[in-house]
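What follows is calculated from the coordinates using simple rules that are stated; it is not laboratory data. Keep in mind that this is a model prediction, so the values were computed, not measured. Positions of Cβ are generated from backbone atoms using ideal geometry, with glycine treated the same way; all protein chains shown enter the neighbour counts.
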Amino acid sequence: MAPISKKLRFQVLYENGCKKPTNLSRKVGISLATAYRWKDKLENDENLDRKEYPVRMSKINKKIQKRVISKIQLRKQPSLRQIGRSVGLSHESVRSLLRNQTFSYKLKKKRFKLNAERRALRLEFARKMLGRDIDWGLMVITDEASMWLERAVPNGRWVHDGAMEIEDEGDNGRGNNENDDIDDLTVGRHGQKIHLWGGISANGTTKLHLFSENLKEKKNVNLLKKGREEMARLYPDGFIFQQDGHPCHKSKLAQKFIMHNFDATIDWPGYSPDISPIENIWSWLKSEVSKDRPTTLEAMKRSLRKHWKRLTPEFLAPYFNSMPDRMRMIIESEGNRINY
């Protein structure tokens, strides 16, 4: 018997009274953003199945079909638009052709290793947070990330249905974030890149700071100084500051600044990007930028700033509302990864 698809399971749960996106996300095993998008579709009487574009079969013969499949099987896959231009088809027709040939698009997911000690720390953290009954709406989460111009494309591949999920399992041995590659990857090795630093909260965001130099302790403190003013404007009566365990965050200079300028902080467990909403935001931001397909650094900067401005309190609130659920999921999984 074929397994029940996530879309069908989602629809059954929804039609049986499970309406809260956070609950649907947890029970079905999908991201919170996907749960909101599917919920909106059902509320508008739309079908959850992906819209299929009509294929003009008169233009597609076996020779073209063979050329498309041979290109999609290259180690470095071209985009559907590039394939379409090479064979005289629209990218919609290429997509439909691939789906008709039982190909599907699967994202490449990074994994991080969790040993017993790390699981125990995550479990302790989750229990502590639930026990404190913390007001997540008062928290400002800051983080940094990098984006390469040459990688400003969707992070996935077209593969035959039934192929295993594409994984990139790694352990950088540095602390909290498997996506935290500010220091250990060079510009020359991967091409042109931009570093990003920003903070999110239920009240909105700080400014998105873009820079090219590697993140060292002095640069980190300068960003904190600028960010501190922006956080205070979001929360004039006080807030809870959070950042991960990147080495420069733990420097004496940074710790001294934090001690004198932030009244309330949270110590985050290592190797826990799945707990932090800002990781969801980085993923969303990079996905939106990839749709713009920038070809220059300046174009990528404009795209990053444009989409960052879309992060309104209404957009961000569900991510912070999901924090108690994340803590409960950590406890239920005994400290293992959760699907957020």
### Task
Starting at the first residue of segment 116-132, write each ³J(HN,Hα) from the Karplus equation 6.51 cos²θ - 1.76 cosθ + 1.60 with θ = phi - 60°, in whole Hz, x for Gly and Pro.
4, 5, 5, 4, 5, 5, 5, 5, 4, 4, 4, 5, 5, 5, 5, x, 7
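So, R0 is 45 Å and r is the distance between the beta-carbons of Leu130 and Arg302; what FRET efficiency does that work out to, to 0.05? If you can, show how the numbers build up before the last one.
Values: r = 41 Å, r/R0 = 0.92.
About 0.60, to the nearest 0.05.
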### Message
Roughly how far apart, in whole Å, are the Cα centres of segment 211-268 and segment 286-313?
### Response
24
## Note on the structure
Residues whose built amide H sits under 5 Å from the amide H of Lys193, excluding neighbours closer than 5 in sequence, are Leu149
### Task
List the residues whose amide H sits under 5 Å from the amide H of Met139, counting only those 5 or more places along or on another chain, with H placed 1.01 Å from N in the peptide plane.
Ala202, Ile240
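Take the Cβ-Cβ distance between Asn115 and Arg75 as r, set R0 to 45 Å, and report the resulting FRET efficiency rounded to the nearest 0.05.
Working: r = 33 Å, r/R0 = 0.72.
With R0 = 45 Å, the Cβ-Cβ based efficiency is 0.85.
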### Query
Amide H neighbours of Thr265 under 5 Å, counting only residues 5+ apart in sequence or on other chains, H built in-plane at 1.01 Å?
Phe241
### Task
Return the distance in nm (one decimal) between the two label points of a simple spin-label model at Ser104 and Arg67, each offset 7 Å from Cα along Cα→Cβ.
2.9
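What length, rounded to one decimal in nm, is gained on full extension from Lys216 through to Ser333, with 0.36 nm per residue of separation minus their alpha-carbon distance? Let's see the in-between values first.
Working: separation 117, 0.36 × 117 = 42.12 nm, distance 3.53 nm.
Difference between extended and current length: 38.6 nm.
For a footprinting-style exposure proxy, rank Met323, Met329 by other Cβ within 10 Å, fewest first. Write out the running numbers ahead of the final one.
Values: Met323 23, Met329 20.
Placing the least packed residue first, the sequence is Met329, Met323.
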### Message
What would the Debye equation give as log₁₀ I(q)/I(0) for segment 59-101 at q = 0.15, 0.21, 0.25, 0.30 Å⁻¹, counting only Cα atoms as equal point scatterers?
### Response
-0.28, -0.56, -0.81, -1.19
### Karplus-derived HN-Hα couplings along segment 267-277 (A = 6.51, B = -1.76, C = 1.60, θ = phi - 60°), whole Hz, x at Gly and Pro
7, 8, x, x, 6, 9, x, 5, 8, 8, x
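Within the set Lys7/Lys41; Lys218/Lys250; Lys6/Lys309, which residue pairs have Cα atoms separated by over 22 Å?
On the way: Lys7/Lys41 11 Å; Lys218/Lys250 12 Å; Lys6/Lys309 31 Å.
Checking Cα-Cα distances, Lys6/Lys309 exceed 22 Å.
Gain in length, Lys256 to Glu230, computed as 0.36 nm per residue apart minus the alpha-carbon separation, to one decimal in nm? Show your work: numbers first, answer last.
Numbers: separation 26, 0.36 × 26 = 9.36 nm, distance 1.95 nm.
Result for the pair: 7.4 nm of gain on full extension.
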#### Entry: Pairwise label distance in nanometres, Leu48 with His160, each label 7 Å out on the Cα-Cβ vector
2.8
## Note on the structure
Under 20 Å by backbone N from the virtual spin label 7 Å along Cα-to-Cβ at Ile266, the residues of segment 218-234 are 224, 227-234
### Summary
Between Lys207 and Glu288, the two model label points (7 Å from Cα along the beta-carbon direction) sit apart by a distance in nm of 1.9
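If you take the square roots of the eigenvalues of the alpha-carbon gyration tensor of segment 245-340 and sort them as a ≥ b ≥ c, do you get rounded (a/c under 1.5), prolate (a/b over b/c) or oblate?
Details: a/c = 1.97, a/b = 1.26, b/c = 1.56.
It is oblate, given that a/c is not under 1.5 and a/b is not larger than b/c.
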